[in-house]
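For reference, the structure discussed in these notes is given below.
Throughout, read-outs are computed from the coordinates displayed, never taken from laboratory work. If you're wondering where the values come from, they're calculated on a predicted model, not measured in any experiment. Using ideal geometry, Cβ is built from the backbone for each residue, glycine included, and neighbour counts are taken over all protein chains shown.
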Amino acid sequence: MEAVIVLLVVAAVVGGVIWNHRNKSAAFEGVEFRISEPPAAVAAAVAALYCRGAKAVVKSAFSRISVTPVGAGGFTFGTKRGDEGQIEIHPNGSGSIVRASTSELYIGSTHNPREASGIKALSYAITHLIFLMLRLAPYAANMKRFQRGLEHKLQKQVSRQISR
């Protein structure tokens, strides 16, 4: 019975590591899609969704990802841990091409050993070392999810702006 439990734990750890590495790859690969509106309208939609107002604050709090404008057709997004990505908006005929990808992911545990003492600090340090050895990025799934949901949310926001 003990052997079965050990095998299940090892299988869960291996599955989790593989899942995390797939999320990292997908986040770095990013997404690209077309919107039938000009770049200025798409940039305004991104700003309305993620940079201004109460909805933007709530989205940032729940997703743990904040978005900041950079120039006329670009935005950066990231987490407090140092994960970073960019949203680029380029003209394409009468519409726009939007590219979102992650450029940097934090590798390691999200717990700080300095925040605790004794056995808890030791467990945080060991967890951090395991994350480093296995190259695990704790927010890779959040970054991937943010990028994948961007197209649907932008399409909805652009259609709202047009109907006004």
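For the peptides 153-161, 37-45, the ranking by packing is 37-45, 153-161, with the highest mean count of neighbouring Cβ atoms within 10 Å listed first.
A simple packing score, the average count of other Cβ atoms within 10 Å per residue, orders the peptides 104-111, 116-123, 136-143, 60-67 as 136-143, 104-111, 60-67, 116-123, with the highest score first. The phi torsions of the range 49-61, fed into the Karplus equation with coefficients 6.51, -1.76 and 1.60 and a -60° offset, translate into couplings of 6, 10, 10, 10, x, 5, 4, 5, 5, 5, 4, 5, 5 Hz, rounded to whole numbers, with Gly and Pro shown as x. Can you tell me the relative contact order of the chain? Whole percent, Cα pairs under 8 Å, sequence separation 6 or more. Normalised by residue count, the contact order of the chain is 26 percent. Note on the chain: lysine pairs with Cα distance below 29 Å, sequence gap of 8 or more or different chains, count 21. Computed on the Cα trace of the chain, the radius of gyration divided by the Kirkwood hydrodynamic radius gives Rg/Rh = 1.10. Look at the alpha carbon pairs under 8 Å that are at least 6 residues apart: their mean separation over the length of the range 26-109 gives a relative contact order of 35 percent. For the range 115-164, the normalised intensity computed at q = 0.17, 0.24, 0.25, 0.26 Å⁻¹ comes to -0.67, -0.89, -0.91, -0.92 (log10 of I(q)/I(0), Debye sum over alpha carbons, equal scatterers, no solvent).
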